Amino acid sequence: MLSECKFYKGEEDCPKGVFFFGWECEYMYVKHMAAGDNGFFKSALDLFCKLGLDKVHELQDGTPIEIQALLFERYCHNCDTDPKTLACSFPNYYVRKWHGNKK
């Protein structure tokens with residue numbers, strides 16, 4: 001699973017200069033997948049797919065959908081805007097943050 005991660009490399013804490021939300025989502029992905037806890041991702045995946053983000057071209061980069069769904073959940077967290085509206089701006093955020101940071 002670590003081979004699928006761009007930011008998380010098994011550390012206990014996010015290294016300085018690393019995109020924290022990316023690292024955090026990958027950390028949760030590895031932790032819950034390793035434990036066989038696929039249910040952890042259900043609500044995030046359901047919303048991600050319901051909003052059609054699973055079909056957006058910019059997000060088709062080989063990153064596990066669970067990580068992308070968790071990142072979208074973090075993107076929406078504590079925001080006064082509804083997720084449907086945020087889904088329109090998420091692909092640009094994803095490309096900028098996910099691909100703008102080096103492995």
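A few points about this structure:
- Every residue from the range 72-103 that is without any contact (Cβ under 8 Å) to a residue 40 or more places away in the chain, aromatic (Phe, Trp, Tyr) and within 18 Å of VAL18 (Cβ to Cβ): TYR93, TYR94
- The range 29-43: number of residues that are closer than 11 Å to LEU70 by Cβ and of a type in the set (A, V, I, L, M): 0
- Residue selected from the range 11-42 under the condition among the small types (Gly, Ala, Ser) and touching a residue at least 12 places away in the same chain (Cβ under 8 Å), by the criterion surrounded by the fewest Cβ atoms within 10 Å (Cβ to Cβ): ALA34
- Pairs are defined by a Cβ separation below 7 Å, a sequence spacing of at least 6 or placement on different chains, a first member in the range 45-71 that is under 12 Å from PHE90 (Cα atoms) and modelled with pLDDT of 95 or more, and a second member that is exposed (fewer than 14 other Cβ atoms within 10 Å of the Cβ) and not hydrophobic (A, V, I, L, M, F, W, C); the pairs so defined are LEU51/LYS84.
- Conditions (1) at pLDDT below 95; (2) part of a loop (DSSP other than H, G, I, E, B); (3) out of contact with any Phe, Trp or Tyr (no Cβ under 8 Å at 6 or more places or on another chain); number of the one not met by ASP13: (1)
- Within the range 77-100, the set of residues being within 22 Å of PHE7 (Cα to Cα) and either of a type in the set (A, V, I, L, M) or surrounded by 17 or more Cβ atoms within 10 Å (Cβ to Cβ) (or both) comprises PHE90, TYR94, VAL95, TRP98.
- Failed condition for CYS49, given (1) closer than 20 Å to MET28 by Cα; (2) within 12 Å of the chain's Cα centre (by Cα); (3) part of a helix (DSSP H, G or I): (2)
The values are calculated or read from the model by the stated rules, or taken from the named source; none is laboratory data. Since the model is a prediction, treat every value here as computed from it, not as a measurement. FYI the Cβ positions are ideal-geometry reconstructions off the backbone, even for glycines, and counts take in every protein chain you see.
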